[in-house]
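Below: one structure, written as structure tokens.
The values are calculated or read from the model by the stated rules, or taken from the named source; none is laboratory data. Bear in mind the structure is a predicted one, so any value in this text is a computation, not a measurement. Cβ placement follows ideal geometry from the backbone for every residue including glycine, while neighbour counts extend to all protein chains displayed. We work out accessible area using only protein heavy atoms, side chains counted, and drop any ligands, DNA or RNA first. Shrake-Rupley method; radii C 1.70, N 1.55, O 1.52, S 1.80 Å.
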Amino acid sequence: MSWRKVDKINVYGYTAALQAFVTYLMGSGLAAEEVVSTLKEFGRKIADALYDEFMSHVKVAPHTVTDLERMLNDFLNFIVGQIFDDISSERSDQRIVVRCRLRECKLCLDLESPSPDIPMCTMFAGAVERICEKIAKNLGMSRAKCDEVKCRAAGGDACEFVLELTP
Amino acid sequence: MGIKGVLAWRFVAKKINADFVRHFLRCIIEYLGQKYSDPNDIYRELKKIYKYTGELIYIRYLQATKRPAESLRDLVPTYNLGFKFFTGKPFDKIEYKEEGKDVYITYRIRDCPFCRGMEVPIKVPFCLFFAGVLEWIEEQRLEDWNAESITCDEVKCKMLGDDVCEYRAHIKLK
């Protein structure tokens, strides 16, 4: 899949709108966890809208953990033209856990989260969660959960996402 | 659009998937649609969010360029360059009109990068983003323009069935 063919817009407009929206939610009285769940839900809706186009680039849905790691890199590339610096996976009968780290994340470029409890790339985590929910059965699983557990915009040294697939 | 805009977009701007951003903007409208039933209330809240976006864009990125418009007429090329830098496309047509103490600048685009390919059931102008950003930035310059007020609104939107997206800035001079 080629990032060059993706229709693009300046990331600064996106990050400024994201920060403005998060600040608006907090100003409306939402607690940090409610802001995070709102962003997660947005990400899931975005994934529903982009799923067919993204999967047409991936061509074959993943059937192994190696395929899954490749798909996660493809998805990040599809959104911002980057790939993860590190991806590691553990698989057992009961679950698959994938950890992805990105040091210079464009999704939160120059952002400072208004709360250390609000990772600013949560929408991306929501989108990953929804996409993996849709392909989980290929890997013998049925449920997916993805969270951004560290974010540079919230004081982390990198952005880190943890994806967990369970039966 | 001059070579400056083309080079800035191609080599300086860091980019993100435009569909990801368009669906984020759609989610914001749908979120507000759950809170407010009147489209005017949704419009007002969207404007608040995008004016704050304008403040952040100005503080983080535009202040550093140190190239503010030097006259009201400069708002024509300045925002055309800005639009190109942020979306990759210039406006199709910009009109500048003075009527006594009122100055109107109309920015028009057919293939709008904010709403391209989108569908939203809520009837509010989708591409208010640009209007909110311009309004906040130019409100900071009322004294420079000897103006009482500056507003900018999206007066036509393809998402509402119009043939173009159109923004109108109204500068009311003292």
| message | Pairwise over distinct Cα atoms, reciprocal of the mean inverse distance: report the Kirkwood radius of the protein assembly as shown in Å, one decimal place. | response | 21.1 Å
| field | Span from the region A:76-153 Cα centroid across to the region B:69-131 one, whole angstrom | value | 35 Å
| remark: Summing -39500 (n - 2.57) over every DSSP H run of at least 4 residues in the protein assembly as shown and dividing by its residue count gives a helix-only mean residue ellipticity at 222 nm, to the nearest 500 deg cm²/dmol, of -13500 deg cm²/dmol
| message | Per 0.36 nm of contour for each residue apart, how much would the distance between residue B:120 and residue B:38 grow if the chain were fully extended, relative to their Cα-Cα spacing? | response | 28.0 nm
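Sort out the exposed loop GluC sites (Glu not before Pro) in chain B (DSSP loop, at most 11 other Cβ within 10 Å) and tell me the longest stretch that has none. Mind showing how you got there, number by number?
Working: sites that count: B:70, B:119, B:143.
Longest run free of exposed loop sites: B:1-69.
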| Between residue B:10 and residue A:37, what is the label-to-label distance in nm when each label sits 7 Å out along the Cα-to-Cβ direction? | 4.9 nm
| task | Figure the gain on full extension for residue B:30 and residue B:99 (residue separation times 0.36 nm, minus the Cα-Cα span) and round it to one decimal in nm. | result | 21.0 nm
| query | Taking a 25 Å limit on the Cα-Cα distance, which of the listed pairs A:40/B:48; A:40/B:89; B:89/B:172; B:97/B:174; A:8/B:156 fall beyond it? | reply | A:40/B:89; B:89/B:172
| message | Output needed: Cys residues of chain A lacking any neighbouring Cys C-beta below 4.7 Å, sorted by number. | response | A:100, A:108, A:121, A:132, A:146, A:151
| query | What size of dipole, in debye to the nearest 20, comes out for region B:3-173 about its Cα centre when the only charges are +1 on Lys and Arg C-beta atoms and -1 on Asp and Glu C-beta atoms? | reply | 780 debye
| query | Given +1 on the Cβ of Lys and Arg, -1 on the Cβ of Asp and Glu, and no further charges, what dipole in debye does region A:1-102 carry about its Cα centre, rounded to the nearest 20? | reply | 220 debye
| Hey, quick one: spin label on residue A:63, modelled 7 Å out along Cα-Cβ, who in region A:132-167 has an amide N within reach, i.e. under 12 Å? | A:138-140
| said: What distance in nm separates the two pseudo spin-label positions at residue A:30 and residue B:48, each 7 Å out from Cα along the beta-carbon direction? | reply: 1.3 nm
| field | Restricting region A:18-74 to trypsin sites (Lys or Arg not before Pro) in coil, as DSSP defines it, with at most 15 other Cβ within 10 Å | value | A:59
| query | Under a GNM of chain B (C-alpha, springs under 10 Å), which listed residue has the highest mean-square fluctuation: B:100, B:161, B:82? | reply | B:100
| note | Here the equivalent ellipsoid of chain B, derived from its Cα gyration tensor, has semi-axes (largest first, whole Å) of 24, 20, 16
| remark: To the nearest 0.05, the calculated FRET efficiency linking residue A:70 and residue A:137 through their beta-carbon distance, R0 being 30 Å, is 0.95
| request: With all protein chains present, calculate the accessible area of residue B:111 using a 1.4 Å probe and round the result to the nearest 10 Å². | output: 70 Å²
